[in-house]
Amino acid sequence: MRLMDYAEVIRSKNASPFITTLDIFFSDGEKYQTVRDSEAITPQAIAELYKIPLEDVLGIWFVDECLGIKISFLKPVPSDDPTCADLYGAQQSSPLFELNID
Amino acid sequence: MAKSELKIYSATSFLGHGVDERSLQEAARLGLDGIIAQGTTTDAGPYYLGVGKPVMAEEALRRDLELIITTAKRNGVPFIVSAGGCGADATTRLSLDLVKDICVQHEMDLTVGVIWSDVSHDYLIQGIRDGVQAERIVPHGRLEPILTEDNVRQATRIVAQVGPEVVMQLWEENPGLDGIICGRALDVGLYAALPLLHGFDKGLAMHFGKIMEDGALAATPGSGNDGLLGIISGGSFCVLPTNPARRCTPESVTGHAFYERSNPNQEVNPGGALDVSGASYEQVDERTVKVTGGRWVEAERYTVKLEGVRQVGYRSICIAGVRDPRVIANLDLILDDTRVLVEGFFAHLGREKYALNFKVYGRNAVLGNCEPSPAIDGHEICVLLDVVAEAQKLADSVCSFASSTLAHHGFPGRLSTAGNIAIPFSPGRAVPVGPVFEFSIWHAWPLEDPGEPFRTSVERFSWRGVEPHALDGLR
């Protein structure tokens, strides 16, 4: 199953023009735990998915209280670069939709 | 006199996104100690700071200011807002013009404390010469690791984020103020200033600010144009929306703490960081969440965030639709040839004078190199020709030449020989977009006195002093 089969929200936004932050939320604890414990969401997986160096993945946080996962990474191209086409970074989450969980 | 409980209303997620009048009046009926709204951001990119213009439409900014200021004044409640988007002094001046209008329209006298956030080049250059080391906030290659004199000189405009200390000082030193208007401000600081003035714990006050700063976005259903009431007392605070159609839940409140933040547990602020890893969120009634456990971790030194932009050129664009399957099938060849022809035509200028960039919608324009499926599988695509050049005229020339070349370039198997692209409007071959900027300063500037880089003033607006005919025109 893919991440989109588990999550209720998979969104992206800028956290400054230099950082993309991805938020994943779940509607029930079981689905959240399955994804959290699957170890499918790792810095290596994110680096591969977004074709960025591993050290540019700034962190992955699993927050049990709100059934949320946050992933932040340095943008390969900052949002104000002329070659970037997503100023707010709001359309960067779709590669995650298809991530294989199990 | 320090109060043991404060009721503070966060009027909207952003000044200009809309203030819900009924929610605001309902909050005012409960007896408030402050109405707060943030209205500055870098989300909309570097352009606004470059040209010194507000991000939101003037009409929207005026309406929100009007609701907040008139409600605050009528109820004898202080207001604290940041306004104008980029926070440049030019936008603060615009906000004050709007306030003047509002005072006349409502026959209201008003005394406003103003914090101007433009930071002068001379101040920064002198500081750097005196040995100030301002480190970049994000380790991005575009940013100098330590702010340099050249960085400062090349910047079109630089602002610093006003921290809560500056708001508090202005408020304390001017007892007659109805409210405060800031340029670029630390969002959280606007909401934390009153709790800090009344002696609440800094971790609690900053956590309060973090939850309150976007109004009803911390409620469910969330909204960017509705408010949130916060009641801070003792070692905790409660949040609830005054609109009965919404409620706060631990999920809505903690989920909101994720929004546009790189780290959900820790947030770096001037002079320290807010650590919410040990915080707890408890549903105390149907619509209210009680929050405790935010902790302030003092930093070794106090810093303010500098934001500066430098101009990289001028932009011209062409939006080119393609429906012809033969053009779509040969797109890479046609775009490569177009680029070669453009570079040949402008060879005498040198490549560094302009940059031509094709964004192919329907293929990988949005995700660029990290698009997992970069094949065209639709029957219609859009090519955005994006040119940034040293001068507007050159950007227009390059874009115009590139779009006509793209339109008329031949390729094997071409059936539709009158033009390869559909241009949707006129002017269309080269639409001048104007100056282009990039963030070149994104650094933490160390300070002894948090107010040092900022100018403050007290502005008095009296509707009686206005000429009668001016009054007529505005009524």
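Here are the numbers:
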{"read-out": "Cβ charges +1 (Lys, Arg) and -1 (Asp, Glu), total dipole of chain B, debye", "value": "900 debye"}
{"read-out": "Heavy-atom accessible area ranking, 1.4 Å probe, most first, across B:His17, B:His379, B:His198", "value": "B:His379, B:His17, B:His198"}
{"read-out": "Computed over chain B: relative contact order in percent, which uses C-alpha pairs under 8 Å that are six or more apart", "value": "20 percent"}
{"read-out": "Rel. contact order, % - alpha carbon contacts under 8 angstrom, at least six apart, segment B:258-392", "value": "25 percent"}
{"read-out": "Number of partner chain Cβ atoms within 10 Å, mean per residue of A:58-67", "value": "5"}
{"read-out": "Antiparallel bridges, percent of DSSP beta bridges restricted to the protein assembly as shown (to nearest 5)", "value": "85 percent"}
{"read-out": "Residue-averaged beta-carbon neighbours from other chains (10 angstrom radius) around B:439-450", "value": "1"}
{"read-out": "Mean ellipticity per residue at 222 nm, deg cm²/dmol - from DSSP H runs of n ≥ 4 across chain B, formula -39500 (n - 2.57)", "value": "-9000 deg cm²/dmol"}
{"read-out": "Nearest-20 debye value, the protein assembly as shown charge dipole, Cβ charges on Lys, Arg, Asp, Glu", "value": "1140 debye"}
{"read-out": "Relative contact order, percent, segment A:3-97 [alpha-carbon distance under 8 Å, six or more residues apart]", "value": "37 percent"}
{"read-out": "Between 0 and 90°, nearest 10: helix A:29-38 axis offset from chain A longest Cα axis", "value": "70 degrees"}
{"read-out": "Dipole of segment A:7-102, positive end: most advanced residue of A:Pro82, A:Phe18, A:Val63 [Cβ charges, Cα centre]", "value": "A:Pro82"}
{"read-out": "Reachable lysines from B:Lys100, criterion Cα separation under 24 angstrom, eight or more residues apart if same chain", "value": "B:Lys53, B:Lys73"}
{"read-out": "Built amide H within the under 5 Å cut-off of B:Thr249, gap 5+", "value": "B:Thr220"}
{"read-out": "Within chain A, helix-based [θ] at 222 nm, where runs of 4 or more DSSP H residues each add -39,500 (n - 2.57), nearest 500", "value": "-5500 deg cm²/dmol"}
{"read-out": "Cβ crowding within 10 Å averaged over residues, with B:163-172, B:76-85 ranked highest first", "value": "B:76-85, B:163-172"}
{"read-out": "Surface accessible to a 1.4 Å probe, B:Thr12 within the full protein complex, Å²", "value": "0 Å²"}
{"read-out": "16 Å Cα-Cα reach of B:Lys393 towards lysines, excluding residues that sit fewer than 8 places from it in its own chain", "value": "B:Lys353"}
{"read-out": "Cross-link partners of B:Lys290 among lysines (Cα-Cα below 25 Å; sequence separation of 8 or more within a chain)", "value": "A:Lys70, B:Lys3, B:Lys7, B:Lys202, B:Lys210"}
{"read-out": "Cα-based Rg of segment B:1-82 normalised by 2.2 N^0.38 Å, two decimals", "value": "1.21"}
{"read-out": "On Cα atoms only, tilt of B:392-408 relative to the major axis of chain B in degrees", "value": "50 degrees"}
{"read-out": "Stokes-Einstein D in µm²/s, Kirkwood radius over Cα pairs - segment B:324-421 at 37 °C with 0.692 mPa s viscosity", "value": "229 µm²/s"}
{"read-out": "When chain B is reduced to its Cα atoms, the Kirkwood hydrodynamic radius in Å", "value": "24.8 Å"}
{"read-out": "Nonlocal amide H pairs with B:Val433, under 5 Å, H built at 1.01 Å", "value": "B:Arg315, B:Ser316, B:Ile317"}
{"read-out": "Rounded to 10°, Cα long-axis angle of helix B:58-75 versus longest principal axis of chain B", "value": "0 degrees"}
{"read-out": "Residue-averaged beta-carbon neighbours from other chains (10 angstrom radius) around B:252-260", "value": "6"}
{"read-out": "Equivalent ellipsoid dimensions for the protein assembly as shown as semi-axes, Å, which come from the Cα gyration tensor, largest first", "value": "42, 31, 24"}
{"read-out": "Cα-only Debye scattering, chain A: base-10 log of I(q)/I(0) at q = 0.13, 0.14, 0.18, 0.24 Å⁻¹", "value": "-0.43, -0.50, -0.81, -1.33"}
{"read-out": "Within segment B:331-387: Cβ-based charge dipole about Cα centre, in debye rounded to nearest 20 (Lys, Arg +1; Asp, Glu -1)", "value": "200 debye"}
{"read-out": "For B:Ser440, residues with placed amide H under 5 Å, excluding near neighbours", "value": "B:Gly308, B:Val309, B:Arg310"}
{"read-out": "Dipole axis of segment B:221-347 (+1 Lys, Arg; -1 Asp, Glu on Cβ), positive-most option in B:Asn263, B:Pro244, B:Val289", "value": "B:Pro244"}
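The values are calculated or read from the model by the stated rules, or taken from the named source; none is laboratory data. It should be emphasised that the depicted structure is a prediction, and the values quoted were computed from it without experimental measurement. Cβ coordinates were reconstructed from backbone atoms using ideal geometry, including for glycine residues, and neighbour counts include every protein chain displayed. Protein only, heavy atoms only, side chains kept; ligands, DNA and RNA dropped before computing areas. Shrake-Rupley method; radii C 1.70, N 1.55, O 1.52, S 1.80 Å.
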